[in-house]
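Report on the structure given below.
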Amino acid sequence: MHNVRLSEVDAVDRPVLAIGTDYLPGTLLDTHSHRRAQMLYGMSGLMEVETEVGAWVIPPYSGVWIPAGQPHRVRMQGVSTRSLYIEPDAVPRGTLQCEALIISPLLHHLLLASVEVPALYELNGRDGALMQLLLYEVGRAPAIPVFAPLPYDTMLAQHCRRFLHQPSIQSTPQDWADALHQSLRTFTRFFRQQTGMSFGEWRKQACLMAALAHLSTGQTVTQIALDLGYESPAAFSAMFKKQLGRAPSTFMQSDSPV
């Protein structure tokens with residue numbers, strides 16, 4: 001099914017529904033939730049996903065797992081998507097949180113084929129087998145580390161959101177402690193309690209997500225490194241490769257995972 005609203009088929013008695021959708025650059029899907037769990041796959045552009053607990057940037061040929069009932073908002077930067085909507089009693093992943101996922105070549109091609117499957121497909125036929133294999137592959141897809149948890153404290157969350165829009169690796173814990181009128185020791189402990197991460201690790205995640213966004217627009221590695229405050233492109237590239245396993249110069253290549 002292509003460019004079909006979920007509301008038109010949600011009541012169909014099938015464990016999985018597959019829908020392909022094309023979005024114009026800058027399209028914002030404001031905060032909403034689904035009765036079914038969703039595996040959202042972007043084949044082009046960039047998806048910026050935010051929930052009440054954190055934010056993700058999803059690069060092309062990657063996916064995001066959204067549990068049933070999880071409120072979320074998504075900004076689409078020129079994205080063509082393939083989505084699976086899965087009944088709660090058929091979900092293949094045990095997590096109650098969103099996850100960014102690595103999409104294998106097999107899962108990529110299964111998702112391409114899935115949009116040709118009608119909503120009321122034959123459970124015991126080829127289409128039913130395709131959907132069962134999709135569930136299996138979604139269940140085993142590894143997560144990728146591009147997540148910045150958002151704190152529950154209102155003031156700290158405001159600082160975090162501002163930082164996500166303009167991150168810098170040069171921003172220090174002392175800067176934040178001063179802004180929040182806390183001692184460095186209090187801030188360090190408070191930040192970890194609120195996010196489950198050290199400030200340094202969270203800052204690195206925020207910079208990584210910004211890097212993915214900038215890479216998707218064609219900016220050079222050198223320009224991104226300078227914008228994020230790294231001392232050199234080499235230092236930025238080393239961080240990027242350590243986190244995602246590929247150099248930034250090759251990460252956003254347009255070739256599909258075949």
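Throughout, read-outs are computed from the coordinates displayed, never taken from laboratory work. Keep in mind the model is a prediction, meaning the values are calculated, not measured. All Cβ positions, glycine included, derive from the backbone under ideal geometry; neighbour counts span all protein chains shown.
General observations
- Hits in the stretch 203-241 (condition: touching a helix residue (DSSP H, G or I) at 6+ places or on another chain (Cβ under 9 Å), of a type outside the set (A, V, I, L, M, F, W, C) and in a loop (DSSP other than H, G, I, E, B)): Gln219, Thr220, Gly229, Tyr230, Glu231, Ser232
- Search result, residues across the stretch 115-152 that are in a helix (DSSP H, G or I) and either farther than 20 Å from Pro67 by Cα or β-branched (Val, Ile, Thr) (or both): Arg126, Asp127, Gly128, Ala129, Leu130, Val138
- Taking the criterion of being surrounded by fewer than 20 Cβ atoms within 10 Å (Cβ to Cβ) and within 14 Å of Ser44 (Cα to Cα), the residues of the stretch 78-117 that qualify are Gly78, Ser80, His108, Leu112.
- Count - residues of the stretch 135-193 that are more than 19 Å from the chain's Cα centre (by Cα) and β-branched (Val, Ile, Thr): 5
So that you can scan it fast, the table gives a plain yes or no per residue for (1) farther than 28 Å from Gln219 by Cβ; (2) charged (D, E, K, R):
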site: Ser44; (1), (2): no, no
site: Thr51; (1), (2): no, no
site: Ser62; (1), (2): no, no
site: Gln70; (1), (2): yes, no
site: Leu84; (1), (2): yes, no
site: Asp89; (1), (2): yes, yes
site: Ile102; (1), (2): no, no
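- Only residues that are under 22 Å from the mean Cα position of the chain (by Cα) and free of Cβ contacts under 8 Å to residues at least 12 places away in the same chain were counted in the stretch 1-23, giving 1.
- Only residues that are of a type in the set (S, T, N, Q) and outside any strand (DSSP E or B) were counted across the stretch 47-83, and they come to 1.
- Scanning the stretch 140-194 for residues that are among the β-branched types (Val, Ile, Thr), buried (at least 16 other Cβ atoms within 10 Å of the Cβ) and more than 26 Å from Arg246 (Cβ to Cβ) gives a single hit, Thr188.
- Tally of residues being touching a Pro at 6+ places or on another chain (Cβ under 9 Å) and among the β-branched types (Val, Ile, Thr) across the stretch 41-89: 4
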